[in-house]
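A short worksheet on the structure shown next.
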Amino acid sequence: MSRPAGRLLAPAALVALLALSGCTGGSPAPAPATTIPPAATAAPSSSPTSAPAPTLAPEGSASDNLPYFAQVVAAVAAGSTPVSGRAYIDALTQAGFDKAAMQVTQDESTIGNPAESIEFSVRRGDQCLVGQVGPSIGAPVSTVLPGLSSGGCLIGQTRPIDW
């Protein structure tokens, strides 16, 4: 065997040797015994309880309003116009969010093709509720992000909300 070939095989042999050194021929140690506590029995209730539906918290922060924002976004995404910026702005306005604090991106690309995704936002104080939907996204995304120093929420060109 030549020296260069031996130098290439030496590191591989060392790795294999180290990997095999962790193996032993003995039997494995028994697993520690765990005690499972008996299941707690709940008292039967007269009716099932569920969490109340989210609502707008007019004086609340963006984080306080995220569940409600996400609910509105999900409802529009499940509807007949899931990639229409106007549909989201209209639904959020109807839900009580301030239209003057909103931004939305274009529904179409610069060459007229449907957008792969659109974004929309509502500024609340120094934070923003931001939604993103579209065929390239999958499920709708709703999150809270810091507001921009420019006063908006979305980076890049947005369209006027003039309806």
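Of all residues in the stretch 149-158, those satisfying the criterion of being open to solvent by 50 Å² or more (accessible area, probe 1.4 Å) and not small (G, A, S) are I155, Q157. Restricting attention to the stretch 44-65 and to residues that are of a type in the set (S, T, Y) and in a loop (DSSP other than H, G, I, E, B), the residue that is modelled with the lowest pLDDT turns out to be S45.
Residues that are hydrophobic (A, V, I, L, M, F, W, C), out of contact with any strand residue (DSSP E or B) (no Cβ under 8 Å at 6 or more places or on another chain) and loosely packed, with under 14 Cβ neighbours inside 10 Å within the stretch 118-145 comprise just one, A139.
Can you tell me which residue is nearest to A91 (Cα to Cα) among those in the stretch 102-117 that are among the β-branched types (V, I, T) and buried (at least 18 other Cβ atoms within 10 Å of the Cβ)? Step by step, filter the stretch 102-117, then rank; the result is V104. The strands (runs of 3 or more DSSP E) located wholly in the stretch 84-138 that include 3 or more residues which are under 20 Å from P58 (Cβ atoms) occupy 118-124, 127-133.
The values are calculated or read from the model by the stated rules, or taken from the named source; none is laboratory data. The structure presented is a predicted model; accordingly, all values stated were derived computationally and were not measured. Every residue, glycine among them, receives a Cβ derived from its backbone with ideal geometry; neighbour counts consider all protein chains shown. When the accessible area is computed, the model is the full protein with side chains, heavy atoms only, and any ligands, DNA or RNA have been set aside. Shrake-Rupley method; radii C 1.70, N 1.55, O 1.52, S 1.80 Å.
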